[in-house]
Structure formats: C-alpha cells, structure tokens
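What follows is a short report on a single structure.
The values are calculated or read from the model by the stated rules, or taken from the named source; none is laboratory data. Bear in mind that the values here come from a model prediction, so they are computed numbers and not experimental data. Ideal geometry is used to build each Cβ from the backbone, glycine not excepted, and the neighbour counts take in all protein chains shown.
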C-alpha cells in the first residue's frame, strides 16, 4: 500500500486509484520534438481535443524507490532500447465526476503532486494495440513526494516544472504552457467516463524527454510541491 504525506499536515493519503488517465501531447514544445522521440502516430499536428491513454495502478512507485527497466525488454534484442522519463503534474480527483463543466471542474480536485510517466518507447511503438503495455510496466509511475491539497496550491496553471537526470536539467517548463488546461481536461474526461474519488490524472510533459539507464537518478520538481526522486535499475543486470 502506497501512502504519501499531505503537505503541512501530520496526515497521510492512501494512493489507491481505480484508474490512472494520462494525457499525451499537451505541450507544444513536446509535440515539436516528436520526430526525435519517434512515437508511432505522433506528428507536428496540434491535437483538437485531449489525447488520452491509460496507465495501470501497478505502475505506482514511492519516492526513492527504484524505477525498474524490465527484463523482458532485453529479450527482444532491440537495436536501440529506450525507456524515457517524463516529468508531469498529476492531480487527484476528490469526488465522483461525471459530465461536469469546465466552470466547476476545479471543485473536483483533491490535490496535486509530481509524477513521472515512465515510457518504454520500443514496445509503445511496436504493439499493435497501442501505448498500453509500454506505459504500464511495474514501477513506471513514480509519484510524490507529497500531496498538496488544491486549496494550498494556488493557480495550478502557473507552476514551474523541472526534471533533472543525474543532476543535470533535462526538462524545464511551466504548467501555463499546457494546450488543454486542467478544467478542460477534467470536463472532457468526465464526458467520456466517470471519474471516482482517488483517480489520478496526468497532465502531460514539456519537451526534453529522454532515455533512462541503469544507475541513473531522475528527479521531477514542481513549484509548490517538491522533488520526486527515484534511482533506476535494469532488471536484466541484477
């Protein structure tokens, strides 16, 4: 069971979503780098509506715990195996939401935290069923270090976001750069499926995504939340 501290409190939050809904292509500069990332089906076109995909709850990982590059990847013999970090703002749904309006959407947010949408690119690109497996390996969703209640975060569209790999800055952006803001995302998702209290929504990543390797340390820092830090281990080298 994964629990995270609630900021400025002695309480802890049990992280147990019924589902994790992630957003692709929500920063223009990330779309611009799509050719170098080489994700199947992605080009320079700005999406007309949010691009959604699932991550399964088995991905969830506490701060300081190792992101595991799965052994099965080595068994394929890819010429250039690549598993990427993606630093993102995550929100936790506070109560059931179905067909809500953008005007009311932020009332349904319990809080915010950092998350790393770890992505195995070779499998993401190769699976005929799409992104599901490449996004949902065990440990592919580090989350934390705390949950900040919505009332304490201020404007969630004005938060600086930075990802560091082995201490070097690799992603630098702001949630102000999102194509679809949080009210739009919540309203859109709720028109398609019912969100339950505790569900997690990942809001997309800025440019600068890149590969992880055995021995790396990756940090995602978001203004007003803190630093999510995780080492990386390759299961095939254990």
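Somewhere in region 159-169, is a residue closer than 18 Å to residue 202 by Cα and more than 14 Å from the chain's Cα centre (by Cα)?
Scanning region 159-169, I find at least one residue that is closer than 18 Å to residue 202 by Cα and more than 14 Å from the chain's Cα centre (by Cα), so the answer is yes.
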Given the criterion at pLDDT below 95, crowded, with 19+ Cβ neighbours inside 10 Å, more than 14 Å from the chain's Cα centre (by Cα) and over 21 Å from residue 227 (Cα atoms), identify the matching residue among 31, 46. 31
Suppose we filter 144, 224, 173 for residues that are in contact with a helix residue (DSSP H, G or I) (Cβ under 8 Å, 6 or more places away or on another chain) and either assigned to a helix (DSSP H, G or I) or under 25 Å from residue 10 (Cβ atoms) (or both); which single one remains? 224
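Return yes when residue 86 is more than 24 Å from residue 56 (Cα to Cα) and touching a helix residue (DSSP H, G or I) at 6+ places or on another chain (Cβ under 9 Å) and no when it is not.
Considered against the rule, which asks whether it is more than 24 Å from residue 56 (Cα to Cα) and touching a helix residue (DSSP H, G or I) at 6+ places or on another chain (Cβ under 9 Å), residue 86 comes out as no.
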Of the candidates 187, 151, 197, the one satisfying the condition of being surrounded by 18 or more Cβ atoms within 10 Å (Cβ to Cβ), under 28 Å from residue 14 (Cβ atoms) and over 17 Å from the mean Cα position of the chain (by Cα) is 187
Starting from region 99-110, take each residue that is more than 13 Å from residue 185 (Cβ to Cβ) and list its partners that are at pLDDT below 95 and surrounded by fewer than 18 Cβ atoms within 10 Å (Cβ to Cβ), counting only C-beta distances under 6 angstrom and pairs at least six apart or across chains. none
I'd like to check something: does region 163-180 contain any residue that is buried (at least 17 other Cβ atoms within 10 Å of the Cβ) and at positive phi? no
Looking for something in contact (Cβ under 8 Å) with a residue 12 or more places away in the chain, part of a loop (DSSP other than H, G, I, E, B) and either in contact with a helix residue (DSSP H, G or I) (Cβ under 9 Å, 6 or more places away or on another chain) or surrounded by 23 or more Cβ atoms within 10 Å (Cβ to Cβ) (or both) - is there at least one such residue anywhere in region 122-133? yes
Of all residues making up region 193-211, the number that are closer than 16 Å to residue 54 by Cβ and part of a loop (DSSP other than H, G, I, E, B): 7
